[in-house]
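Asker: Okay, here's the structure, questions in a sec.
The values are calculated or read from the model by the stated rules, or taken from the named source; none is laboratory data. Since we're looking at a predicted model, the values are computed, not measured. A quick note on method: Cβ atoms are made from the backbone with ideal geometry, for glycine too, and the neighbour counts reach across all protein chains shown.
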Amino acid sequence: MSTHNTTNESGEMYSASETIIELRNTEVVFDMSRGVSRVLDNVDLDIRRGEILGVVGESGSGKSMLASAMLDAVVDPGILSGQITYYPDDGDPVNVLGLSDEELRRLRWEDISMVFQGAMSSFNPTMSVKGHFVETLEAHEYDREEGMERAHELLSDLYLDPERVLESYPHELSGGMRQRALIALSVVLEPDLLVMDEPTAALDLLMQRSILSLLEGLKEKYDLTMVFITHDLPLVAELANRMAVMYAFELVEKGSTDEILQNAAHPYTRALLNSTPNLDAPLSEMTSIEGSAPDPVNVPEGCSYHPRCPLADEQCVAEAPDFHDVSSSHQVECFHWEDAAEAIPFNIEQPSSPEEGEAR
Amino acid sequence: MNWYVKRTGQALFTLWAVASLAFFLTRQMPGDQVATYVDQVIQNNPEQDPEIVRSNIVEQLMIDPNAPFHEAYIAYFGELLSGNLGWSIEAQKNLNTLMAETVPWTLFVMALATFGLFGISLALGAIMAYKEGSLFDLSNTLLGMVTTSIPYYVAGILLIIYIGYPEGVFTQYFPVRYKLPDGVDPGFTLAFISGAIRHATLPALSYVITAYGLLALSMRGNSIQVLGEDYVRVAQLRGLPDRRIALRYVGRNAVLPLYTSLLLSIGFMLGASVILEQIFVYQGVGYWMDRAVQYTDIPLMMAIFLMITVSVVIATYIADLTYGYLDPRIKSGDEGEAY
Amino acid sequence: MKVKPTEEDTADDVRTDGGQMFDDAESTDVGAVQEYKEVLYEGLVAPAKIAWSDWRTKTGIIILGAFVLIAILSDLHQNGYTILNDFLGIVGSPWELTKPSSAFGCDANGNNCVAGYERSRQPFENWQTPLGTDPEGRDIFAGIVWATPRMLRMVLAGGVFSIAVATIVGTVAGYKGGVVNTVLMTLTDVAMSIPGLPLVIVIVAILDPTNPYLIGVVVTINVWAGLARTIQAQVLSLREQSYVEASRTMGIGTPSIIQKDILPNLMPYIMVNFVYSARRVIYDTVGLYFLGFLSYSTIANWGVMMNWAYANQGALAPSGPRYLIIVPMAPIVLLSFGLILLSQGTDRLFNPRVRTRHEGDTVEDHEMDDDDSVQPAMA
């Protein structure tokens, strides 16, 4: 795979760039018969223009909610609150949660776009792929001819035969083709920010890899900012400049990919890295995380990770930790972040950067 | 292309199978109409030779009820293939003529009913799904279940009694018997067209009000399911107009599973015309079934059977072709689970 | 994960050696009883509870139950056990069940009626004959009750016949596939294209059936086809499910797979379609009696009463005795309403998707669905 060394480039890039979207105290709450379910809890996050942010978390950690929140698209009985500010390339900051329906309709797909997990279920089965592109362009009053030209170009950028794909119906395409067509559909209105929720989950490994490299190309060419949400830590580590780790509906650690991989400061992140299957590591050294993820109605008091954490003490049970700076570009929400590395050693030596191991 | 060949072959096979079955069954009918008729003629004209009278009738009938099965079968199907349905003693008419006079009327009522039925049910079901849980939804669900419990002929009787007869406006506009007003001849005139529509309204309505409920409830269920699909959510996020989502996304995908209902309802309605045309004295093809059975008029019975079956097969054929157009997954699908 | 019934829970403790994994026969005495209890609970008690909690199924069950009760009492009466009238006598009811023949209330000419009876009495006038009498002095309500057991027998026979044929044809065709499938489905398509009622009329004219079970079967002679189609399509998709494939790989025989893995998943369709076939039986038999295609000697069906009102009394004529035809239509509508209520409720009972949507907790489903993909590390 011809991945270039993104770390250096993008390292410079994001330190210099400004914020494109900013989340403050973002919460999503569902009122259920069993009680209030907080599926996104007090998330603060800045996403910087031009970066690829990887959001990692296990099943039911609230990462899909985070994606929906950025488009103010939380499904119905859910209530989204907090402050989400979008900073367009030119023009004034936009308060996403304060937009009118029509403004919000325009913001979605034109400025902030999204790719969903199930590509099959994201297409209308009774409409050709072309129909999806055309109706999107028309709904947003874009020039149809110009837009379709862009669609052609996007599809060829993604190594698809534009004519064939556009004339096809969703069921006639393979999973990988469909997923790429969906990505093209998400970018056809030239958004600045692309949020992807498990875009490769249903695909085989080979297809995952090739889509990742295509995404990198796409990002460069169309000047996109990407948020890549996944449960697959090694996958995103290859792509992302920066990573955010979610546990129990909140962010517990964020930082540059390098720092997270080499110097993860949250016990959960470290356990996550240790449980990741790695071809180089003997199976016996893989460990799973004891216990299970908490229920959204009943998140533990204090630090939500304390029931599963080997470092937990009274303080962790009693109060919730704030973010501590590990470095200027690395924050962690843990009282014992300084002891984590010692208490939970990596079972193999993490490569300094995943690309280095492969590309050289 | 292959699909069309296969489908056409299937239609022809069905026709042959049903016609053979009908032929076999009708020959088992008790009673001998020919003998009865011959006796009648002889009584009136004692000087005639019964054998000659009989052979004259048999010649007109195309089949001799006393001939062995295989001979009769070959003779009858030979005539059918040359486009001859035979002669009806009961109607005293050539059956080709009689069928040409009656079949279009039955199909007219059926088409009116089908379009009315699907128009109302699909729209209502979709609206109910959008307003799920509202008073509108609940009351229509209940109403749908009640009307669904009424047999079509009961609805017909109630329409005749309560809408047709009370002296007043309705009788004038929607007559309860016959297929045309007195003195109106078929032709491309306003009197004919409006007369035909008005006379067909109550019979068609009997189907519609007793069948819309179930269909609307299915449509409602399907729509609710489609509304929960990812592609609807993605379409909303893409900022498509609500109208387009309702029609092109929810409507289109919710209608497809109702296709089997459409097929079954066509056959059901044509069969039901036997009862309904009786109570509305609507002289379509079903109207004659009663007479045919009562007087064991086998050629008439066969002709009715064939005509109704041909109608069902053609309607099904058309519906199949339209379905392939509505659901792109069918044509390219290997087996083509068309049903 | 799927609906496949699991015996593992009960037999776990006994199975220690891997070789006997699938041999339950000797493994458990206690387990077997336990298992039956569970099957009984999961298959009957639990659905019954849910069914009862839904107003539609509840009302449907009450209506059908009332019809069944009336049918049983009426049938007992017709066989000489006059429990119904004994009870009515104790309660002091003005009405009691009597054979609805013209000889009872009045003489053969309809004159000299017994005291209290009169001809052509309107409904709700006199509680001795709550639904009135016909021009011959026959008690209409008694006629309705008298015809009920026969009606229910037809319904039962027709319903069972059509779903049995449909299930067998649909399952075998869908599971076997290949030539068997082609032949059976062609047959089904032909049956679907036959206009049902004319065919039934011809058969009825040939057989002249009077036995209610036979009539029920004749009337549903091609009703099974629609359901067979549905079941076949369902089986086609079921047989590709991984748990069915697993059973096949283990070498479990086809009959046993069909019985254990396929049929339980078809129950919703079977239940709902039983109801629709039953409704069809009511419609068609009453219709056939109504138009006089089915022969009768006594009041054998509600349709007979309608036929009599229509053909002999001119109930549909502008000033005819309307109540004569309307009253016998009431039980037809009521009985099919009970069936429809049951089917609508059943539909929900088996359709978790509709159900959960109503309970409004989609959140967890959503989160779960998201990450259904296999992630070995975090399990």
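Asker: For the range C:295-379, which fully contained helices (runs of 4 or more DSSP H) count at least 2 residues that are surrounded by 21 or more Cβ atoms within 10 Å (Cβ to Cβ), modelled with pLDDT of 85 or more and of a type in the set (A, V, I, L, M, F, W, C)?
Answerer: Filter on the range C:295-379 gives C:302-307, C:323-350.
Asker: Take the residues in the range A:199-210 that are without any contact (Cβ under 8 Å) to a residue 60 or more places away in the chain, surrounded by 14 or more Cβ atoms within 10 Å (Cβ to Cβ) and over 12 Å from residue A:238 (Cβ atoms); name whichever of them is farthest from the other protein chains (Cβ to nearest Cβ).
Answerer: Result: A:210.
Yes/no per residue for (1) within 14 Å of chain C (Cβ to nearest Cβ); (2) in a helix (DSSP H, G or I); (3) at pLDDT 80 or above:
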{"site": "B:11", "(1), (2), (3)": "yes, yes, yes"}
{"site": "B:15", "(1), (2), (3)": "yes, yes, yes"}
{"site": "B:21", "(1), (2), (3)": "yes, yes, yes"}
{"site": "B:24", "(1), (2), (3)": "yes, yes, yes"}
{"site": "B:30", "(1), (2), (3)": "yes, no, no"}
{"site": "B:34", "(1), (2), (3)": "no, yes, no"}
{"site": "B:41", "(1), (2), (3)": "no, yes, no"}
{"site": "B:46", "(1), (2), (3)": "no, no, no"}
{"site": "B:58", "(1), (2), (3)": "no, yes, no"}
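Asker: Test residue B:127 against the criterion of being over 30 Å from residue C:291 (Cβ atoms), of a type in the set (A, V, I, L, M) and either out of contact with any Pro (no Cβ under 7 Å at 6 or more places or on another chain) or surrounded by fewer than 16 Cβ atoms within 10 Å (Cβ to Cβ) (or both), and give yes or no.
Answerer: yes
Asker: Something else: Kindly check whether there is at least one residue in the range B:215-234 that is closer than 30 Å to residue A:178 by Cβ, in the same structural domain as residue B:109 (by TED's automatic domain parsing) and of a type in the set (Asp, Glu).
Answerer: yes
Asker: Give, as residue ranges, the helices (runs of 4 or more DSSP H) completely inside the range C:165-245 that count at least 3 residues that are within 11 Å of chain B (Cβ to nearest Cβ) and under 23 Å from residue B:286 (Cβ atoms).
Answerer: Counting at least 3 such residues, we get C:178-193, C:196-207.
Asker: Which of the residues belonging to the range B:192-211 are over 30 Å from residue C:337 (Cβ atoms) and buried (at least 20 other Cβ atoms within 10 Å of the Cβ)?
Answerer: The answer is B:195, B:196, B:199.
Asker: OK, next. Would you please name the residue that is nearest to the other protein chains (Cβ to nearest Cβ), looking only at residues in the range A:176-198 that are surrounded by fewer than 23 Cβ atoms within 10 Å (Cβ to Cβ) and part of a loop (DSSP other than H, G, I, E, B)?
Answerer: A:198
Asker: Specify the residue that is surrounded by the fewest Cβ atoms within 10 Å (Cβ to Cβ); the eligible residues are those in the range A:147-175 that are more than 14 Å from chain B (Cβ to nearest Cβ) and within 18 Å of residue A:111 (Cα to Cα).
Answerer: A:150
Asker: Let me ask something additional. Being within 7 Å of chain C (Cβ to nearest Cβ) and either within 11 Å of the chain's Cα centre (by Cα) or buried (at least 24 other Cβ atoms within 10 Å of the Cβ) (or both) is the filter here, so list the residues in the range B:269-278 that pass it.
Answerer: B:270, B:271, B:272, B:274, B:275 - these are the residues of the range B:269-278 that are within 7 Å of chain C (Cβ to nearest Cβ) and either within 11 Å of the chain's Cα centre (by Cα) or buried (at least 24 other Cβ atoms within 10 Å of the Cβ) (or both).
Asker: Assuming residue A:229 fulfils every condition listed in (1) within 11 Å of another protein chain (Cβ to nearest Cβ); (2) under 20 Å from residue A:110 (Cα atoms) apart from one, which condition is it?
Answerer: Failing condition for residue A:229: (2).
Asker: Looking at (1) farther than 27 Å from residue C:272 by Cβ; (2) assigned to a helix (DSSP H, G or I), can you tell me which one residue B:296 breaks?
Answerer: (2)
Asker: For a quick check of your reading of the model, give me the residue pairs whose first member lies in the range C:70-85 and is among the aliphatic types (A, V, I, L, M), whose second is outside any helix (DSSP H, G or I), with beta-carbon atoms closer than 6 Å and at least 6 apart or on different chains.
Answerer: Sorted first by the residue in the range C:70-85, then by its partner, the pairs are C:84/C:97.
Asker: When the range B:60-108 is examined, which residues are found to be acidic (Asp, Glu), assigned to a helix (DSSP H, G or I) and not assigned by TED's automatic domain parsing to the domain that holds residue B:308?
Answerer: Matches in the range B:60-108: B:71, B:79.
Asker: Continuing with the same structure: Quick test for you: out of B:242, B:230, pick the one residue that is over 26 Å from residue B:146 (Cβ atoms), of a type outside the set (Phe, Trp, Tyr) and within 11 Å of chain C (Cβ to nearest Cβ).
Answerer: Answer to the selection: B:230.
Asker: Ok, one more. What about residue C:217, is it in contact with a helix residue (DSSP H, G or I) (Cβ under 6 Å, 6 or more places away or on another chain), surrounded by fewer than 24 Cβ atoms within 10 Å (Cβ to Cβ) and at pLDDT 90 or above?
Answerer: yes
Asker: So which residues in the range B:215-224 are at the interface with chain C (Cβ under 8 Å from one of its Cβ atoms) and not small (Gly, Ala, Ser)?
Answerer: Once the filter is applied, which keeps residues that are at the interface with chain C (Cβ under 8 Å from one of its Cβ atoms) and not small (Gly, Ala, Ser), the range B:215-224 yields B:217, B:224.
Asker: Determine whether residue B:253 is touching a Leu at 6+ places or on another chain (Cβ under 8 Å), in the same structural domain as residue B:126 (by TED's automatic domain parsing) and not basic (Lys, Arg).
Answerer: Taking the combined requirement at face value, the residue does not satisfy it.
Asker: Assuming residue B:254 fulfils every condition listed in (1) modelled with pLDDT of 90 or more; (2) within 14 Å of chain C (Cβ to nearest Cβ); (3) more than 25 Å from residue B:215 (Cα to Cα) apart from one, which condition is it?
Answerer: Of everything listed in (1) modelled with pLDDT of 90 or more; (2) within 14 Å of chain C (Cβ to nearest Cβ); (3) more than 25 Å from residue B:215 (Cα to Cα), residue B:254 misses just condition (3).
Asker: Oh, and also: Condition first: at pLDDT below 75 and surrounded by fewer than 16 Cβ atoms within 10 Å (Cβ to Cβ). Now tell me which residues in the range C:102-123 satisfy that.
Answerer: Listed by number, the residues that qualify are C:103, C:107, C:108, C:109, C:111, C:112, C:114, C:115, C:116, C:120.
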